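To start, the structure itself, in structure tokens.
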Amino acid sequence: MQTTAVTAAVPSGAVIRYALVAAAAVAVCAGIVLGAGGLGMTGRITLAVFAVATLMWMFTPVDDTFVALAAGLILITVGALEAEVLFGSLGEPTIWLLICAFVLAAGISRTGLATRAAAFFVSGARTVRQLAHLTTAALVASAFAIPATSGRAALALPVFLALAGALRERRRVVLALALIFPAVILLSAVATLIGAGAHLITAEMLAQATGDRIGFVQWLLLGTPLALASSHLTAEAVLLMTTTREDRRTPVAIRAEDIGEAAGTRTTGPLTEHQQRSAALLGVVVVLWCSEPLHGVPPAVVALVGAIVSCSPWLGTVRMGDSLKTVPWSMLLFMAATMAMGTALTASGAAAWIAGGLFGGGSGGRGTPAWLFIGTVVVVSALAHLVLQSRSARSSVLVPLVIAAAAAAGVSPAAAAFASTAAAGFCLTLPSSAKPVALFHQVEGVPTYTSRDLLRVSAVLAPLTVALVLAFALHVWPLLGLPV
């Protein structure tokens, strides 16, 4: 009886899935170890571990961080990776930059400053189009203060609830806003290095593979124009697809008080003392980040100073212990492990071997036109969310291969890696494609969008995003110091 009960508790579908993944993993490992001609045994083992990890990220519910750490441990055991590389990844400046950025964000969130700024933006709207684009501007601005898309989505949700409440009789307008919020949150993340963990993975892998690092200021210079263009184009496209001309002509009246009531914070009157402190601190930190070439202080050090001030007993707005609870430690461990995996993939020659297979090996790939190579990278990266839901996992898999392939094709690895990461920010097709999409898909008491709505909008936004990233990569970024 006990055996029967245990057996019944395991869904047959899950058993079949694990069995298929295990069979695929064995077949892939055997094929790599036995058939990877020209690649040393260390490279073959590294490639096999990388392939199995990717299969598990794609097809099993096993935690991504667990898979990455287990893969790192196996690589250390077989000698493909030094233990110091794995453990040292946690000490990279980009990891510390993200930790301190989350501490800063915790202090800003605690004061209600972000909600108040959003209320200031959207309360000035008088038409639906103005509301859509002012909301977009506020969400883009939030990328410079709040790291990670999921954190920005959580802070934006009360603002959406207030707007949905004020527009409850205008179903199509609410639908448009429900789609605009997660879409802009995801696409605007490319504005800053701290916008997503995938950005830091790309920056570190590029630095380790080529010695060419995209710093905070350069990322800001390259990413902000794309974030603004893609976000506002997306808002306009969604508006045209979901509302009628009459919807857009009918005036709207949004009060800042309504947003404050939904968020549980005061959004009118003078700034509180804590809000003034947070605003001043954020302004100083952002200015110092943007002026790094003038003073030479690394962004991670600036963020650390800001985090200490934010948590200080005299000037701070949040306790250190409370702010550290907001740091996504699992994601940081995942980033460290996957950066180490990328190092092993490059050092073992596995990434170059894959690139040689894709582009004919040696210098044969140099006949590939730059526009065709970048276009292929952008399309694959934009579609990768259909099989890899984690943005960081997508960069962990794609970036080492893109860097190696770019070298074989005679294309700038930095340009290819940046284009891949920018395109991978598109993940709107399914409710499970990204956390912000899932969050706004199920909002208690407010009907938002269906899976069919997402598919319909994604069919337009996907090619729009691909075309925009490709245009920036070929025509705009070279003018800003990142030639193809």
task: Within segment 57-74, track down each residue that is more than 19 Å from Leu332 (Cα to Cα) and at pLDDT 85 or above.
output: Ile74
- request: Collect the residues in segment 243-260 that are open to solvent by less than 50 Å² (accessible area, probe 1.4 Å), part of a helix (DSSP H, G or I) and modelled with pLDDT of 80 or more, keeping them in residue-number order.
  value: Asp247, Arg248
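With the requirement that a residue be closer than 17 Å to Leu372 by Cα, assigned to a helix (DSSP H, G or I) and of a type in the set (A, V, I, L, M), what does segment 399-415 give you?
Answer for segment 399-415, where residues must be closer than 17 Å to Leu372 by Cα, assigned to a helix (DSSP H, G or I) and of a type in the set (A, V, I, L, M): Leu401, Val402, Ile403, Ala404, Ala405, Ala406, Ala407, Ala408, Ala409, Ala414, Ala415.
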- request: Search segment 388-415 for residues that are closer than 12 Å to Val377 by Cα and open to solvent by 20 Å² or more (accessible area, probe 1.4 Å) and pair each with any residue that is hydrophobic (A, V, I, L, M, F, W, C) and outside any helix (DSSP H, G or I) when their beta-carbon atoms are under 9 Å apart and the residues are at least 6 apart or on different chains.
  value: Leu398/Leu388; Leu398/Ala424
task: Determine whether Leu86 is open to solvent by 10 Å² or more (accessible area, probe 1.4 Å), more than 21 Å from the chain's Cα centre (by Cα) and either of a type outside the set (Lys, Arg) or modelled with pLDDT of 85 or more (or both).
output: yes
statement: Conditions (1) open to solvent by 20 Å² or more (accessible area, probe 1.4 Å); (2) under 26 Å from Ala148 (Cβ atoms) -> Thr115 fails only (1)
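Tell me, yes or no, whether segment 282-294 has at least one residue that is more than 25 Å from Arg116 (Cα to Cα), open to solvent by 70 Å² or more (accessible area, probe 1.4 Å), touching a residue at least 40 places away in the same chain (Cβ under 8 Å) and assigned to a helix (DSSP H, G or I). Break it down stepwise before answering.
Within segment 282-294, the first condition is being more than 25 Å from Arg116 (Cα to Cα), and the residues that meet it are 291-294.
Retained after the next criterion (residues that are open to solvent by 70 Å² or more (accessible area, probe 1.4 Å)): 293-294.
Now narrow it down to the ones that are touching a residue at least 40 places away in the same chain (Cβ under 8 Å): 293.
With assigned to a helix (DSSP H, G or I) added as a condition, the list becomes 293.
Checked segment 282-294: at least one residue is more than 25 Å from Arg116 (Cα to Cα), open to solvent by 70 Å² or more (accessible area, probe 1.4 Å), touching a residue at least 40 places away in the same chain (Cβ under 8 Å) and assigned to a helix (DSSP H, G or I).
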field: Subset tally (residues that are among the β-branched types (Val, Ile, Thr) and touching a Phe, Trp or Tyr at 6+ places or on another chain (Cβ under 7 Å)) for segment 66-112
entry: 1
message: When you check Gly151 against the structure, is it out of contact with any Lys or Arg (no Cβ under 7 Å at 6 or more places or on another chain), closer than 24 Å to His441 by Cβ and not basic (Lys, Arg), yes or no?
response: yes
query: Checking Leu39 against (1) in contact (Cβ under 8 Å) with a residue 60 or more places away in the chain; (2) closer than 17 Å to Thr343 by Cα; (3) assigned to a helix (DSSP H, G or I); (4) not small (Gly, Ala, Ser), which single condition isn't satisfied?
result: (3)
- line: For segment 209-250, the count of residues that are touching a Lys or Arg at 6+ places or on another chain (Cβ under 6 Å) and not charged (D, E, K, R) equals 2
field: Residue count, segment 100-137 (criterion: touching a residue at least 24 places away in the same chain (Cβ under 8 Å) and of a type in the set (Phe, Trp, Tyr))
entry: 2
- prompt: Among the listed residues Arg452, Arg456, which satisfies the condition of being within 30 Å of Val173 (Cβ to Cβ), touching a residue at least 60 places away in the same chain (Cβ under 8 Å) and surrounded by fewer than 18 Cβ atoms within 10 Å (Cβ to Cβ)?
  reply: Arg456
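Quick check on Glu292: is it charged (D, E, K, R) and either closer than 30 Å to Ala83 by Cβ or within 28 Å of the chain's Cα centre (by Cα) (or both)?
yes
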- prompt: Has segment 267-277 got any residue that is open to solvent by less than 60 Å² (accessible area, probe 1.4 Å), assigned to a helix (DSSP H, G or I) and charged (D, E, K, R)?
  reply: no
query: On the given criteria, is Thr65 open to solvent by less than 20 Å² (accessible area, probe 1.4 Å) and either of a type in the set (S, T, N, Q) or farther than 21 Å from Arg394 by Cα (or both)?
result: yes
query: With respect to Thr234, is the statement that it is open to solvent by less than 60 Å² (accessible area, probe 1.4 Å) and free of Cβ contacts under 8 Å to residues at least 40 places away in the same chain true?
result: no
message: Among the numbered criteria (1) open to solvent by less than 10 Å² (accessible area, probe 1.4 Å); (2) touching a Cys at 6+ places or on another chain (Cβ under 6 Å), which one does Leu304 miss?
response: (1)
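The values are calculated or read from the model by the stated rules, or taken from the named source; none is laboratory data. Everything numeric in this text was worked out from a predicted model, so none of it was measured. Here Cβ is always computed from backbone atoms with ideal geometry, including for glycine, and neighbour counts include all displayed protein chains. All accessible areas refer to the heavy atoms of the entire protein, side chains included, with ligands and DNA or RNA removed. Shrake-Rupley method; radii C 1.70, N 1.55, O 1.52, S 1.80 Å.
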